[in-house]
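What follows draws every value from the coordinates through simple rules; no lab data is involved. For clarity, every value in this text was computed on a predicted model and none was experimentally measured. Note that we place each Cβ from the backbone using ideal geometry, even for glycine, and neighbour counts take in every protein chain shown.
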């Protein structure tokens with residue numbers, strides 16, 4: 001093939017390729033005939049038989065004398081006169097191959113034949129009437145077992161498609177094609193098979209196939225089916241390339257928009273169209289309307305509707321994959337949880353005895369979900385190794401001598417000599433280009449625009465935000481019974497400008513406040529101090545270390561940073577609470593105007609979770625190194641990441657909280673270092689200046 005194309009480059013005739021000129025007519029099978037199902041519980045998937053005879057008639061508009069037709073025998077098996085590569089259907093214990101198209105072993109052949117019945121053609125009759133082997137039908141949409149057999153035209157010439165060479169059609173012509181299909185044996189077609197099932201009726205069978213019949217006579221039962229389609233106005237021009245339907249630059253001006261989805265691009269296009277009714281419309285509003293999010297925009301979230309809508313639109317940019325299952329116990333009586341001793345209140349809201357087995361269930365479910373993702377990734381790796389194992393060292397159509405001849409510099413017709421000559425031409429062109437640079441520099445004010453493509457994840461992943469036990473960050477509260485992420489409750493005291501601290505169960509602990517303290521030099525300064533609340537035995541911050549480690553770390557950090565940090569924190573709390581809607585009917589009439597709403601000091605773990613094992617370099621040097629991906633989670637601390645999965649060391653910025661969202665209750669956060677002490681504090685981020 002390569003030599004033939006080289007011949008056309010040198011000006012030789014390309015008559016050998018003109019045999020492929022013409023119109024390729026392909027017909028699509030009905031959807032019901034392209035779906036495989038198990039015909040009995042636990043049975044294998046079987047595809048229905050499809051029509052094996054097709055009549056194709058071509059009409060040339062304005063030239064009825066050029067009308068012609070073909071009959072396509074889609075299931076004709078003939079290793080010499082067939083058209084498309086195929087294998088005989090397989091069935092054990094075939095006694096007489098002359099009486100059936102089936103074989104006991106894999107036998108290659110060719111399938112499909114077109115019989116011309118137009119001018120110059122011959123009459124056609126059904127071959128099943130004279131050939132015993134042609135009576136049994138076998139053809140399905142997947143052919144020899146290829147799922148795309150019916151969809152990819154090169155797979156099925158003269159099976160589900162026909163090549164019309166347009167013999168006698170000169171110049172420009174408009175062509176019409178009519179296609180009609182049927183079964184050579186109506187008794188074997190899919191409709192008759194379904195009607196023969198126990199309890200089947202015409203209505204139920206037609207509904208199962210997705211077909212309808214207008215004015216269906218009562219008691220009528222169809223005996224056979226016929227399938228038809230047409231292509232009208234196919235433009236053909238012989239001798240020249242067909243007219244391109246690609247629009248010109250001016251044709252598409254202001255008619256093309258780019259977006260993350262069709263709805264977003266359409267919204268941008270409408271907003272920029274200049275239409276009087278849409279000129280002042282926000283494209284985001286049009287996008288939300290096209291995505292069915294108007295209820296979210298003006299729904300129960302109130303002022304947060306635009307924020308929620310923006311988040312929903314952003315989520316639509318990504319494809320969702322199953323992330324696993326988390327079990328909850330729900331109260332279906334609508335009575336809610338009864339009040340009681342704070343010690344009996346659990347994180348999940350379940351009874352203490354139920355929470356333990358719920359945690360075991362979620363733990364087992366989480367392990368199962370993770371293992372399932374890992375197994376899927378290992379299966380994909382195994383399939384890739386199977387494929388690589390089947391690759392020949394040298395493709396069958398080549399020999400080593402051919403490669404040696406191509407890379408021999410002494411061979412004037414070889415690739416090495418061709419490359420050497422091209423390099424010489426390239427150097428001459430480079431010199432000519434360089435000579436033009438001095439006289440054709442860019443203007444002094446010209447500035448090149450550079451676009452930086454941000455990094456992207458190489459495989460599906462999700463951001464995990466998990467609440468963990470206040471004493472042990474390896475214990476997820478959803479997977480461990482009798483745990484809570486709440487380290488303390490903190491209530492702002494507006495009268496004394498202090499922070500009242502309580503245990504997770506509501507027991508009073510102490511108060512963080514500014515107080516005057518004299519240092520050893522005798523100077524007095526304002527510092528952050530701790531005082532016990534009534535009924536509290538916690539006299540100092542250090543006494544919190546064991547029982548309330550998170551509150552201890554928070555209070556110690558705040559006391560160490562001093563007066564300015566405390567004042568900033570109080571101001572941040574005031575501003576944040578003013579913009580947070582708690583979503584409940586309780587307000588100042590419950591807590592009073594002297595105290596702020598309780599703040600929860602909770603412990604959480606943040607990180608990315610990959611969907612299965614990490615993808616790795618697909619090069620041959622890592623082909624057999626599948627253990628690196630399976631052992632990456634348990635590698636020793638401090639061990640460098642292997643180069644084939646180096647992307648696991650990438651750092652990603654994450655924004656916590658949204659000050660523009662009234663339903664967001666985040667006030668601030670701090671992170672921990674290896675010593676489990678606060679290393680960095682962050683206040684609530686400012687509200688965005690533009691809508692999402």
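Applying 1/(1 + (r/R0)^6) with R0 = 25 Å to the Cβ-Cβ distance of residue 255 and residue 28, what FRET efficiency is obtained, to the nearest 0.05? Walk me through the numbers on the way to the answer.
On the way: r = 30 Å, r/R0 = 1.18.
Once rounded, the FRET efficiency stands at 0.25.
Return the FRET efficiency for the residue pair residue 577, residue 519: r is the Cβ-Cβ distance, R0 is 41 Å, and the value is rounded to the nearest 0.05.
On the way: r = 34 Å, r/R0 = 0.84.
Approximately 0.75, to the nearest 0.05.
Post the alpha-carbon centroid distance, segment 23-74 to segment 511-578, in whole angstrom.
For segment 23-74 versus segment 511-578, the Cα centre distance is 81 Å.
For the chain, what log10 I(q)/I(0) values come out of the Debye formula at q = 0.05, 0.07, 0.08, 0.11 1/Å, with one point per alpha carbon and no solvent?
Listed by q, the Debye log ratios stand at -0.51, -0.90, -1.06, -1.37.
Take the Cβ-Cβ distance between residue 207 and residue 67 as r, set R0 to 41 Å, and report the resulting FRET efficiency rounded to the nearest 0.05. Numbers along the way, then the final one.
Values: r = 39 Å, r/R0 = 0.95.
Efficiency, rounded to the nearest 0.05: 0.55.
Kindly identify segment 56-197 as rounded, prolate or oblate by the Cα gyration tensor criterion: order the square roots of the eigenvalues as a ≥ b ≥ c, call it rounded if a/c is under 1.5, otherwise compare a/b with b/c, prolate if a/b is larger, else oblate.
Numbers: a/c = 2.01, a/b = 1.87, b/c = 1.07.
It is prolate, given that a/c is not under 1.5 and a/b is the larger ratio.
To test your reading of the geometry: what angle, between 0 and 90 degrees and rounded to tens, separates the Cα axis of helix 549-561 from the longest principal axis of the chain?
Helix 549-561 and the main axis of the chain meet at about 70 degrees.
Can you give the translational diffusion coefficient of segment 183-316 in µm²/s, computed by Stokes-Einstein from the Kirkwood radius over Cα pairs at 25 °C and 0.890 mPa s? Could the numbers behind the result be given before it?
On the way: Rh = 21.2 Å.
Reported coefficient: 116 µm²/s.
As I understand it, the value is the acute angle between the Cα axis of helix 352-389 and the longest principal axis of the Cα atoms of the chain; what does it come to in degrees, rounded to 10?
The two axes meet at around 40 degrees.
Which order, highest average first, do 206-214, 101-109 follow once you tally other Cβ atoms within 10 Å for each residue and take the mean per peptide?
Details: 206-214: 11.8, 101-109: 14.2.
So the peptides 206-214, 101-109, ranked by packing, come out 101-109, 206-214.
Checking the a/c ratio against 1.5 first, then a/b against b/c, what shape does the Cα gyration tensor give for segment 74-153? It would help to have the intermediate numbers written out before the result.
Details: a/c = 2.24, a/b = 1.28, b/c = 1.75.
Judged from the Cα gyration tensor, segment 74-153 comes out oblate (a/c at least 1.5, b/c at or above a/b).
Looking at the calculated P(r) for segment 593-643, what percent of the C-alpha pair distances fall above 12 Å? Numbers along the way, then the final one.
Values: 977 of 1275 pairs.
Of all Cα-Cα distances in segment 593-643, 77 percent exceed 12 Å.
Of the listed peptides 457-463, 383-389, 135-141, what is their order by residue-averaged count of other C-beta atoms within 10 Å, with the highest listed first? Write down the numbers at each step before the final one.
Working: 457-463: 13.7, 383-389: 10.6, 135-141: 19.1.
Ranked from most to least packed, the peptides come out as 135-141, 457-463, 383-389.
Sort out for me the Cα centre separation of segment 120-165 from segment 452-473, rounded to whole Å.
54 Å
What ranking, highest mean first, results for peptides 58-67, 616-625, 83-92 when packing means the other Cβ atoms within 10 Å averaged over each residue?
On the way: 58-67: 14.0, 616-625: 12.3, 83-92: 17.1.
For the peptides 58-67, 616-625, 83-92, the packing ranking is 83-92, 58-67, 616-625.
Using alpha carbons only, how many degrees (0 to 90, rounded to 10) separate the axis of helix 305-315 from the longest principal axis of the chain?
The answer is roughly 50 degrees.
Only helical DSSP H runs with n ≥ 4 go in: add -39500 (n - 2.57) per run for the chain, normalise by residue count and round the 222 nm mean residue ellipticity to 500 deg cm²/dmol.
Values: 15 runs with 165 residues, N = 692.
When only DSSP H runs of four or more count, the value is -7000 deg cm²/dmol.
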